[in-house]
Each structure stands twice: as structure tokens, then as C-alpha cells.
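Encoded as C-alpha cells, the structure appears first; notes follow it.
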Amino acid sequence: MDANRPAASTFFVDKEARFGARNYHPVPVVVERALDCRVWDVEGREYIDMMSAYSAVSHGHLHPRLVAALQRQLGKVAVTSRAYHGTTLGPFLEKLCAVSGFERALPMNTGAEAVETAIKCARRFGHLRRGIPDGQQRILVARGNFHGRTSTIVGFSSEPAYRAGFGPFADGFDAFDFGDMDSVRAATTAHSCAVLVEPIQGEAGVLLPPPGFFQALRAWCDEKGLLLIIDEVQAGLGRTGRLFAFEHEGVRPDALILGKALGGGLLPVSAFLADARVMDVFDPGSHGSTFGGNALAAAVALEALQVLEDEQLVERSARLGEHLRGALQAVMDESGGLVRAVRGRGLWVGVDVDPALASARALVEALAQRGVLSKETHETVIRFAPPLTITRALVDQAVAAFREVVLEQRAACAIKKGASQAMAEVAAAA
Ligand SMILES: *Cc1c(COP(=O)(O)O)cnc(C)c1O
């Protein structure tokens with residue numbers, strides 16, 4: 001038992017550890033309830049949610065309109081499977097197409113399933129429309145990518161922790177360096193049918209592409225007949241201050257993958273979007289999902305898209321994101337090199353710390369003790385991605401807590417360094 005952790009938290013942490021698989025390493029906070037941008041743990045302590053479940057809770061926790069849409073639909077029907085039609089799926093797909101500009105949408109549940117859908121679509125497109133022999137289609141993917149956790153997807157990850165021991169992996173993926181066109185050109189073969197890429201690499205540490213990269217990539221795809229498929233499962237639906245992150249790059253992809261925020265923080269809802277010339281490689285029987293596009297999910301997702309518009313959450317993300325980055329940059333300037341970089345777009349920021357001076361995980365845990373939820377990615381990056389409904393006052397409160405944690409850690413380093421210097425001097429004198 002952790003002496004610092006009260007009994008109630010310990011009870012639930014221990015149960016998860018005892019009966020759960022050990023595939024996560026959660027921050028030791030036991031969340032009991034949440035509302036909008038605030039979370040309360042089982043001891044009643046309050047936190048600001050600067051994580052929003054990796055964008056799944058972009059609308060804030062338990063948004064009243066989304067809860068109402070869910071409850072309305074629960075009074076009718078929840079799940080029928082796609083064996084039948086329903087009254088919510090069509091309107092949801094129509095809305096998805098209207099906001100994205102694509103002609104067709106294919107609903108799934110999790111992000112990884114929508115990525116799998118994209119892979120299947122790209123391969124079939126390569127075979128049927130480009131004449132690549134079936135079984136030889138290849139897809140270009142970026143090093144440092146994160147597209148989910150299925151065995152096919154982790155097979156083209158460059159992160160050892162995601163892959164080790166899970167082979168054999170599916171063939172048909174060629175890696176390029178994110179942001180490097182020479183690398184894209186070198187990885188392209190006569191059998192390449194698509195490029196699958198995130199607009200900003202989130203898990204890799206909120207890495208932005210160099211200016212012009214996506215335009216050059218778009219031109220290369222046009223020249224070679226490759227589909228440009230952008231995975232906006234995390235970046236999409238306002239996270240970056242635009243409805244879709246590809247808008248920052250001045251390009252339009254051939255296909256788009258959405259998830260996370262699409263479910264309004266209530267349900268897993270994802271989608272693969274493309275124009276008919278691409279999507280129509282699917283015919284009845286070629287792809288599906290029992291829960292994909294279920295009536296309940298469609299009702300909630302339709303309302304989630306509507307709420308983004310009505311509450312102007314995209315504009316809010318741009319405005320408050322700029323404020324958040326500015327405030328974190330001020331902390332960086334004060335940090336004596338502990339914070340090396342602050343990068344991001346909209347309400348999506350990665351704070352890069354010097355591993356010689358601090359571990360991202362330790363900072364995240366210290367921050368949680370001060371009532372702010374964030375999450376590290378790799379050893380050196382702390383990610384802030386609050387609900388898009390957050391207020392300026394809450395952003396300021398969260399950054400003030402982060403500043404205290406950083407300055408405290410900086411002081412601890414200075415003391416340690418002072419002590420080791422003093423010891424070295426004593427040793428030298430002796
Ligand atoms: C989270 C994520 C996925 C996977 O989504 P799941 O719902 O966890 O399967 C895919 N791509 C990106 C970019 C993501 O951030």
C-alpha cells in the first residue's frame with residue numbers, strides 16, 4: 001500500500017492491479033465523476049482535466065446536450081446491427097459528409113477499426129483502380145506514427161514497446177521519415193497505393209510537420225496516383241484550432257479517418273471518409289462491424305458535430321490554444337532550460353523537458369497532486385489537451401500549477417547539483 005494514497009483510492013487501484021491485465025501504467029488518480037473540464041477523485045479532490053482522454057472528451061465531460069441526445073435515443077432503440085436501416089445513421093452520415101466535404105462515410109467504433117478500414121480501402125483501390133496485383137499493394141507510413149493497436153497496425157509502428165513479441169506482422173508497409181519528402185520518394189514503389197499519415201504526430205510528442213511538407217506530399221501523391229489518407233482520430237474535430245488539421249496545410253486528402261471526439265465523450269464512434277470514386281471499392285459483404293453506425297452512436301455523434309458548430313468550439317480551440325501556448329512559453333523562459341520546447345496547435349500542446357533535469361512522468365504525477373491532469377508521452381514530453389470547452393481562467397489555473405511544479409523541480413535539481421559539486425570538492429580536497 002502507498003502511504004501517501006488514501007484508503008479509498010488504494011482500494012480501487014489495487015483491484016485494477018489484481019484483476020486487470022497489466023497493459024497500462026495509469027497516473028494514480030481514481031476518478032469517480034466528472035463534469036465539463038473538471039474531474040473529482042474518489043476522495044472528493046477536484047482536478048482540471050488537461051487531457052480529455054486524448055481528445056475523446058473534446059466536448060467536456062457529460063455535455064448536457066450530448067447526454068440528452070443519448071437519453072432521447074435510449075427511449076427508442078440502441079443497436080440493431082447494419083442488417084437493417086435506422087433513423088439516425090443517415091442523418092449522421094449526411095452531417096459528416098457536409099462538414100468534411102467528402103461524398104461518403106463509413107462508420108466504425110474505435111479509431112483503430114477506422115484505420116483498418118482505410119487500409120482495406122487503399123489496398124482494394126490499388127488493385128481495382130491502379131491494377132496493382134492483389135496481395136502486392138503497399139502503403140507508405142511515417143516513422144513515429146501512431147494509428148492504433150491492432151496486430152496489423154502495430155506491425156508498421158516504429159515503437160518497440162508497441163511491437164515487441166507480437167509478430168509475425170502483416171507485410172505491405174513502407175516507412176518514411178515524417179516531414180521528409182526525399183524519404184517519401186525513396187520509399188515509394190510501383191506497388192505503392194497510398195500514404196497513411198497523421199497531420200501532427202501526437203504520440204510521438206505532438207510533432208508538427210515542416211511548412212510545405214503536406215503540399216509536397218499532396219503533389220507526390222497526385223503524380224504517383226497514391227491516395228493521401230490523413231488520420232485525424234486525435235487531431236480532428238477542432239483539436240488544432242481548425243475543424244480538421246489538414247486545413248492548416250492547405251491540402252485536401254483523398255480520405256480522412258476520424259474517431260475519439262466524434263463520440264462526444266460518451267461512446268466509441270469512428271469513421272472513414274472518402275469520395276465515391278474511392279469509397280465505392282467497398283461492396284456488400286466486403287467490410288462491416290456489428291456495432292459500427294449503431295443507432296445510439298449515430299444519434300450522439302450527430303449531436304457532437306452539431307455542438308461543435310453551435311458552441312464555436314473550433315474557434316475557441318484556436319483562441320485559447322494560443323493563450324495556453326503563450327503561458328507555457330512563459331514558464332519555459334523561467335525554467336532555466338528544464339523546459340526545452342513548447343509546441344502544438346490549438347488546444348493541443350506538447351511540452352518537451354530536458355531528461356537530465358526532469359522526467360515527464362514525475363512532473364505529470366506532481367501536477368496531478370496539485371489538481372491538474374495531464375499525460376506524458378515517451379520520457380520527455382508532457383501533453384496538454386483539455387476539453388475545447390475550457391475557460392481562460394481554468395487554463396491559467398492549470399498553467400500556474402505547472403509553473404509551480406517546474407520551478408520546484410528546478411530548485412530540487414539546483415540543490416542536488418550543489419550537493420554533488422560540494423561532495424566533489426570535498427573529495428578533491430581529501
Ligand atoms: C487514438 C488514435 C488511434 C486509435 O484509436 P482507438 O480508438 O484507440 O483505437 C488512431 N490514430 C490516432 C492518430 C490516434 O490518436
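The values are calculated or read from the model by the stated rules, or taken from the named source; none is laboratory data. Source: prediction; values computed, not measured. Cβ: placed from backbone, ideal geometry, glycine included. Neighbour counts: every protein chain shown. With ligands, DNA and RNA removed, areas are computed over all heavy atoms of the protein, side chains included. Shrake-Rupley method; radii C 1.70, N 1.55, O 1.52, S 1.80 Å.
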### Query
What order do you get for 57-68, 36-47, 8-19, 382-393 when each peptide is scored by the mean count of other beta carbon atoms within 10 Å, highest first?
382-393, 57-68, 36-47, 8-19
### Task
For E249, tell me the accessible area in Å² from a 1.4 Å probe, rounded to the nearest 10.
20
### Message
Give me the net charge for the shell around G241: Cβ to Cβ below 14 angstrom, other residues only, Lys and Arg +1, Asp and Glu -1.
### Response
+2
### Query
How much accessible area per residue does the stretch 64-310 have, in Å², with a 1.4 Å probe?
40
### Query
Roughly to the nearest percent, how much of the accessible area of the chain is carbon and sulfur, given a 1.4 Å probe?
54
### Summary
With a Förster distance of 56 angstrom and the Cβ-Cβ distance between K417 and F12, calculated FRET efficiency to the nearest 0.05 equals 0.90
#### Entry: Of all DSSP beta bridges in the stretch 64-310, antiparallel share, percent nearest 5
40
### Summary
One finds, for A341 and Q312 with R0 = 30 angstrom and r their Cβ-Cβ distance, a FRET efficiency to the nearest 0.05 of 0.50
### Summary
SASA check, Y84, accessible area w/ 1.4 Å probe, all protein chains in place, rounded to nearest 10 Å², comes out at 150
## Note on the structure
Taking Cα pairs closer than 8 Å and at least 6 residues apart, the relative contact order of the stretch 172-222 in percent is 34
### Query
Of K260/K375; K120/K375; K120/K260, which ones are farther than 24 Å apart at the Cα?
K120/K375
### Query
Which whole-Hz couplings ³J(HN,Hα) result when phi for each residue of the stretch 161-176 is put into the Karplus expression 6.51 cos²θ - 1.76 cosθ + 1.60, θ = phi - 60°, listed in order with x for Gly and Pro?
4, 7, 10, 4, x, 9, x, x, 9, 5, 7, x, 10, 10, 8, 10
### Query
Once phi is turned into θ = phi - 60°, what whole-Hz ³J(HN,Hα) does the Karplus curve with 6.51, -1.76 and 1.60 give for every residue of the stretch 31-46, x standing for Gly and Pro?
7, 9, 8, 7, 8, 6, 9, 10, 9, 10, 8, 5, 8, x, 6, 9
### Task
Return a whole-number percent for the relative contact order of the stretch 64-310, with Cα pairs under 8 Å and 6 or more residues apart as the contact set.
31
### Query
In percent, how large is the relative contact order of the chain, given Cα pairs closer than 8 Å and 6 or more residues apart?
21
### By average C-beta atoms within 10 angstrom, highest first, the peptides 323-335, 302-314
302-314, 323-335
### Per-residue [θ]222 nm for the chain (sum of -39500 (n - 2.57) over DSSP H runs n ≥ 4, rounded to 500)
-13000 deg cm²/dmol
### Query
Gap in Å between the Cα centre of the stretch 168-229 and the Cα centre of the stretch 18-71?
34
